[in-house]
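Asks: Here you go, one structure.
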Protein chains: 2
Amino acid sequence: MHNERIARAALSRLMEPQDVAGLALVHVAGAEDALRIATGQVSYGPGLEQDITGLLADHSSVNSWAGLGAALKRWAPRIPDLAPERDLATMHRLGGRVLVPTDGLWPRQLDDLGLHQPICLWWRGLELELPPAARAVALVGSRDSTSYGASVTGDLAYSLAQRGFTVVSGGAYGIDAHAHRAALAGGSGAMPTIAVMAGGVDRFYPSGNEDLLRAVANQGAVLAEVPPGSAPTRYRFLQRNRLIAALASVTVVVEARWRSGALNTAHHAETLGRAVGAVPGSVHSANSAGCHRLLRDGGAVCVTDAGEIAELASPCGQSLADEKSGRPADHDGLTLEDLILLDALPLRSASSVEKLCTVAGLGADSVRAGLGRLALLGLAASEKGGWKRTRQST
Amino acid sequence: MHNERIARAALSRLMEPQDVAGLALVHVAGAEDALRIATGQVSYGPGLEQDITGLLADHSSVNSWAGLGAALKRWAPRIPDLAPERDLATMHRLGGRVLVPTDGLWPRQLDDLGLHQPICLWWRGLELELPPAARAVALVGSRDSTSYGASVTGDLAYSLAQRGFTVVSGGAYGIDAHAHRAALAGGSGAMPTIAVMAGGVDRFYPSGNEDLLRAVANQGAVLAEVPPGSAPTRYRFLQRNRLIAALASVTVVVEARWRSGALNTAHHAETLGRAVGAVPGSVHSANSAGCHRLLRDGGAVCVTDAGEIAELASPCGQSLADEKSGRPADHDGLTLEDLILLDALPLRSASSVEKLCTVAGLGADSVRAGLGRLALLGLAASEKGGWKRTRQST
């Protein structure tokens with residue numbers, strides 16, 4: 001029995017993430033025929049190969065395409081391992097499922113990946129729609145986070161979850177774990193956080209985050225494009241990052257070294273036309289060097305609180321940033337002449353208009369008019385025929 | 001006796017900094033006639049007023065122009081105080097002088113201020129040319145600096161001075177003082193630091209910085225556009241900031257609150273087309289909020305060390321930033337297939353080519369070719385007919 005869901009489940013085991021030949025084959029032939037061709041059950045004609053070449057040329061991916069024959073050789077060693085029904089049963093036992101693009105629960109923002117959309121998503125968690133990109137924020141960063149990174153991540157994730165955003169991260173130690181944990185604590189919406197894994201979702205990896213990831217699955221979702229039992233290899237980590245970037249409208253790097261996987265996620269976000277934020281930190285902290293690099297290269301926006309991140313996420317550009325005006329100074333909005341005059345006014349004993357003219361370098365008419373304006377603002381007061389500043393103006 | 005120098009010395013007492021009517025009068029009539037007109041010694045015809053109006057219209061400053069009559073009224077109260085010869089004698093006694101634009105020592109980068117160039121500079125310090133803008137960096141920031149701000153300012157100023165840059169600042173407490181002090185310590189060039197004051201240079205203000213400013217005058221220069229005896233009013237602080245920005249090719253804000261005079265200096269620099277740098281810091285520090293604001297508004301470049309500042313200052317764009325590549329990872333530059341293969345290689349016991357095909361999801365030819373490439377790079381080694389990773393590749 002072959003149907004779309006089972007075919008995609010099988011294909012995701014046959015092919016590594018972002019196997020462009022495989023993705024193109026699925027695109028051209030459909031998942032069920034793609035599986036039959038990939039497993040050698042049916043042969044293919046020259047037309048199919050031409051269609052794939054044309055598709056890959058359109059996507060400038062033709063360079064990594066060595067023909068369907070080479071791809072079949074690559075897939076052949078894994079054919080004996082295919083057991084999609086067993087994989088689906090495993091997921092069912094774990095309370096999970098596999099999603100395919102035709103499902104109502106499929107996150108539509110993944111369409112932006114085009115040909116690089118995953119073949120399917122292995123999903124443990126609530127049977128609920130993911131929020132649209134505009135309501136999801138990715139918080140990513142180093143595994144070896146500092147106490148600064150932990151505290152900032154906690155503040156941001158908690159506050160974003162409180163505002164109803166879903167916090168997307170990678171389930172790793174460090175920044176990822178702080179992001180998931182604080183989002184769970186702050187969560188007010190339906191799905192406060194989701195974890196996108198590089199390996200299979202049948203086990204919660206790394207083991208030190210097992211309890212946390214179980215909680216994420218209970219209140220949100222833990223998902224991956226690779227089937228149960230897949231090891232989280234370096235290659236899969238790099239591909240996984242594109243899913244984190246695609247699920248959210250903003251990717252914020254909280255802490256990252258000069259070289260860091262989090263920067264890879266940021267670059268995926270940039271490529272997709274998504275916003276990238278970077279949290280500044282001490283110039284002495286190696287764990288902020290990657291963030292500063294992103295700021296310096298001009299691709300990232302400096303973000304310091306959840307309001308600024310919400311502003312980046314908002315598609316209509318409405319201002320959600322916290323008002324941070326500080327106390328306006330009394331002399332704001334004064335004309336230059338009045339500012340000069342205010343500076344010239346003594347604090348203790350009052351000064352005559354003539355004296356003020358000399359000190360301020362202004363004519364008597366200007367001084368008199370200016371004193372009137374300053375008095376109206378409560379900044380100047382007359383006393384015994386002279387003028388002085390009020391306490392308010394200091 | 002009226003000559004250019006004495007006339008400008010007198011005019012700088014008669015007029016506040018940036019008195020556009022006065023600056024235009026000097027521009028149109030020359031300094032000596034401008035002084036005669038401003039003090040009522042000679043009268044003027046309607047042609048002069050028209051010329052000034054035209055000049056100010058060209059500079060879009062015509063709005064602040066109420067006619068020469070109003071300006072004369074403004075200047076009149078200070079006429080009795082004029083004693084330029086006494087002021088020059090004061091400067092001479094202090095080992096100083098007054099510079100005018102025709103002097104060889106006049107800093108040519110002030111030309112960029114156009115009409116807003118100061119009338120003269122009151123100067124205490126070495127009788128040496130200031131460096132051109134490309135060799136001068138302004139370091140500015142809050143008076144109430146944190147230990148972080150102090151330490152970063154010290155590192156930057158010391159290192160910039162060691163590279164032969166002149167550090168320009170405002171002589172105030174906090175960031176300014178740390179900048180001057182570290183530049184003096186690191187100074188290798190002729191003039192490691194200069195202080196631009198808002199009040200007269202006859203006294204070193206604030207008094208707590210007296211020893212420091214004396215040292216700046218001994219090894220560099222302390223200067224102001226206002227004459228001896230002038231109080232450092234708020235208005236003069238704001239105008240002074242344009243001189244700091246104009247003297248340097250880069251203005252770096254090390255620490256500043258959300259509202260801070262240092263941001264005013266940064267805006268002057270931007271208006272002049274000079275580069276602006278901002279040092280990132282903790283999002284929890286109110287003293288970095290102004291820097292983050294500059295980064296967020298997009299006007300400032302994120303700078304974390306002296307090399308990055310030197311790069312901004314360099315007019316030819318040559319890269320002076322410190323190499324910060326970090327240790328390149330062994331897997332950098334591998335093709336995706338080889339990276340997948342490297343991930344699939346076991347660390348301990350060797351694996352057969354057939355096994356590697358299954359784990360990596362690659363054909364046998366690709367695996368064999370990839371193993372050859374990885375072996376050449378020292379990342380894979382064969383052992384008893386199988387293959388494993390080398391220690392180097394982990």
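The values are calculated or read from the model by the stated rules, or taken from the named source; none is laboratory data. For clarity, every value in this text was computed on a predicted model and none was experimentally measured. Every residue, glycine among them, receives a Cβ derived from its backbone with ideal geometry; neighbour counts consider all protein chains shown. The area values use the complete protein model at the heavy-atom level, side chains included, leaving out ligands, DNA and RNA. Shrake-Rupley method; radii C 1.70, N 1.55, O 1.52, S 1.80 Å.
Asks: What are the residue pairs meeting all of these: first residue in region B:371-388, first residue over 11 Å from B:ASP338 (Cβ atoms), second residue buried (at least 21 other Cβ atoms within 10 Å of the Cβ) and of a type in the set (Phe, Trp, Tyr), Cβ atoms under 8 Å, and 6 or more apart or on different chains?
Replies: B:ALA381/B:TRP387
Asks: To continue, here is another question. Determine the pairs where a residue that is within 16 Å of A:LEU113 (Cα to Cα), located within region A:43-63, has a partner that is of a type in the set (Val, Ile, Thr) with Cβ atoms under 6 Å apart, the partner being 6 or more residues away or on another chain.
Replies: A:LEU56/A:VAL62; A:SER61/A:VAL20
Asks: Is it the case, given these coordinates, that A:ALA7 is surrounded by 19 or more Cβ atoms within 10 Å (Cβ to Cβ), of a type in the set (Gly, Ala, Ser) and within 18 Å of A:ALA224 (Cα to Cα)?
Replies: Spelling it out, A:ALA7 is indeed surrounded by 19 or more Cβ atoms within 10 Å (Cβ to Cβ), of a type in the set (Gly, Ala, Ser) and within 18 Å of A:ALA224 (Cα to Cα).
Asks: Can you name the number of the only condition in (1) more than 9 Å from every other protein chain (Cβ to nearest Cβ); (2) surrounded by 14 or more Cβ atoms within 10 Å (Cβ to Cβ); (3) more than 30 Å from B:ARG135 (Cα to Cα); (4) modelled with pLDDT under 85 that B:GLU383 fails?
Replies: Every listed condition holds for B:GLU383 apart from (2).
Asks: Just for region B:292-310: of the residues that are more than 8 Å from every other protein chain (Cβ to nearest Cβ) and modelled with pLDDT under 95, which one is farthest from B:VAL250 (Cα to Cα)?
Replies: It comes out as B:ASP297.
Asks: Same structure, new question: Looking only at region A:282-298, decide whether some residue is open to solvent by less than 10 Å² (accessible area, probe 1.4 Å) and under 18 Å from A:THR166 (Cα atoms).
Replies: Among the residues of region A:282-298, not one is open to solvent by less than 10 Å² (accessible area, probe 1.4 Å) and under 18 Å from A:THR166 (Cα atoms), which makes the answer no.
Asks: Another question about this same structure. Might you check whether a residue that is open to solvent by 30 Å² or more (accessible area, probe 1.4 Å) and hydrophobic (A, V, I, L, M, F, W, C) occurs anywhere in region B:100-111?
Replies: yes
Asks: Exactly one of these conditions fails for A:LEU128: (1) touching a Leu at 6+ places or on another chain (Cβ under 8 Å); (2) open to solvent by less than 40 Å² (accessible area, probe 1.4 Å). Give me its number.
Replies: Evaluating A:LEU128 over (1) touching a Leu at 6+ places or on another chain (Cβ under 8 Å); (2) open to solvent by less than 40 Å² (accessible area, probe 1.4 Å) leaves (2) as the failure.
Asks: For residues in region B:347-359 being at pLDDT below 85 and at the interface with chain A (Cβ under 9 Å from one of its Cβ atoms), which is nearest to the chain's Cα centre (by Cα)? Break it down stepwise before answering.
Replies: Here is the first cut: in region B:347-359, the ones at pLDDT below 85 are B:347-349, B:358-359.
Remaining after also requiring at the interface with chain A (Cβ under 9 Å from one of its Cβ atoms): B:358-359.
Details: B:THR358: 59, B:VAL359: 56 Å.
Checking each candidate, the answer is B:VAL359.
Asks: Something else now. Between residues in region A:271-291 that are more than 13 Å from chain B (Cβ to nearest Cβ) and touching a residue at least 40 places away in the same chain (Cβ under 8 Å) and residues that are open to solvent by 30 Å² or more (accessible area, probe 1.4 Å) and of a type outside the set (S, T, N, Q), which pairs lie under 7 Å by C-beta distance while being six or more apart or on different chains?
Replies: Sorted first by the residue in region A:271-291, then by its partner, the pairs are A:LEU272/A:ASP112.
Asks: Select, from A:GLY208, A:GLY189, the only residue that is of a type outside the set (Val, Ile, Thr), in the same structural domain as A:ILE309 (by TED's automatic domain parsing), touching a residue at least 40 places away in the same chain (Cβ under 8 Å) and touching a helix residue (DSSP H, G or I) at 6+ places or on another chain (Cβ under 9 Å).
Replies: Values: A:GLY208 fails: touching a residue at least 40 places away in the same chain (Cβ under 8 Å).
Result of the check over A:GLY208, A:GLY189: A:GLY189.
Asks: Given the conditions (1) free of Cβ contacts under 8 Å to residues at least 12 places away in the same chain; (2) more than 21 Å from B:VAL303 (Cβ to Cβ); (3) within 14 Å of another protein chain (Cβ to nearest Cβ), report the number of the one that B:ARG203 does not fulfil.
Replies: (3)
Asks: Any residue at all in region A:20-32 that's closer than 20 Å to A:PRO118 by Cα, out of contact with any strand residue (DSSP E or B) (no Cβ under 8 Å at 6 or more places or on another chain) and loosely packed, with under 15 Cβ neighbours inside 10 Å?
Replies: For region A:20-32, residues closer than 20 Å to A:PRO118 by Cα, out of contact with any strand residue (DSSP E or B) (no Cβ under 8 Å at 6 or more places or on another chain) and loosely packed, with under 15 Cβ neighbours inside 10 Å: present.
Each row is one residue, and each column tells you yes or no for (1) touching an Asp or Glu at 6+ places or on another chain (Cβ under 6 Å); (2) within 22 Å of B:ILE309 (Cβ to Cβ).
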| residue | (1), (2) |
| --- | --- |
| B:PRO192 | no, yes |
| B:ASP211 | no, no |
| B:VAL216 | no, yes |
| B:PRO227 | yes, no |
| B:PHE237 | no, no |
| B:ALA262 | no, yes |
| B:THR265 | no, yes |
| B:THR271 | no, yes |
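Asks: Is it fair to say B:ALA344 is within 30 Å of B:ALA310 (Cα to Cα), at the interface with chain A (Cβ under 9 Å from one of its Cβ atoms) and either at pLDDT 85 or above or open to solvent by less than 40 Å² (accessible area, probe 1.4 Å) (or both)?
Replies: When the stated conditions are applied, B:ALA344 does not pass them.
Asks: With the condition being basic (Lys, Arg), I'd like the helices (runs of 4 or more DSSP H) fully within region B:30-133 carrying at least 3 qualifying residues.
Replies: Answer list for region B:30-133: none.
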